[in-house]
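The values are calculated or read from the model by the stated rules, or taken from the named source; none is laboratory data. If you're wondering where the values come from, they're calculated on a predicted model, not measured in any experiment. Here the Cβ positions follow ideal geometry from the backbone for every residue, glycine too, while neighbour counts run over all protein chains shown. Please note that ligands, DNA and RNA were not included when accessible areas were found on the heavy atoms of the full protein model with its side chains. Shrake-Rupley method; radii C 1.70, N 1.55, O 1.52, S 1.80 Å.
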Amino acid sequence: MIVWLSSYPRSGNTFLRVILKSIFSVNTYSIHDDASDIGSDKDTMKVVGHEFLPQDFDIRKKRKEKKIYCIKTHKLFDESIKDEDKVIYLIRDGRESSLSFKKYLEM
């Protein structure tokens, strides 16, 4: 089963991933890979519960499994998201999200 963790960038997706890891021991993936972000630091990866998607990850096959795959995305709904998938959509005040994104771009 696929569960999308969806949000606009800087809207609390990492916070949700930390909660999933620390409370439920659930590791999460990112459709964006995050190799230069969360995936660049092993300690951060551990706290967030970030795992890289395997090269042979077949979303169509994983969708049919009982195991839950929580995958972060910032994409709008497109062909990769199907009706049978579950979605947790995070919403944050757009002003705060935009300010956070601006600061992120300035780093």
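Brief remarks follow.
- Subset of the range 22-38 [assigned to a helix (DSSP H, G or I) and under 12 Å from the mean Cα position of the chain (by Cα)]: 38
Yes/no matrix, rows are residues, columns are (1) at pLDDT 85 or above; (2) open to solvent by 100 Å² or more (accessible area, probe 1.4 Å); (3) touching a helix residue (DSSP H, G or I) at 6+ places or on another chain (Cβ under 7 Å):
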site	(1), (2), (3)
48	yes, no, yes
61	yes, yes, no
71	yes, no, no
78	no, no, no
89	yes, yes, no
94	no, no, no
99	yes, no, no
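- Checked against (1) assigned to a helix (DSSP H, G or I); (2) modelled with pLDDT of 85 or more; (3) of a type outside the set (Gly, Ala, Ser), residue 104 meets all criteria but (2).
- Conditions (1) open to solvent by 60 Å² or more (accessible area, probe 1.4 Å); (2) under 20 Å from residue 76 (Cβ atoms); (3) in a helix (DSSP H, G or I); number of the one not met by residue 8: (3)
- All conditions but one from (1) open to solvent by 40 Å² or more (accessible area, probe 1.4 Å); (2) modelled with pLDDT under 95; (3) among the small types (Gly, Ala, Ser) apply to residue 25; the one that does not is (2).
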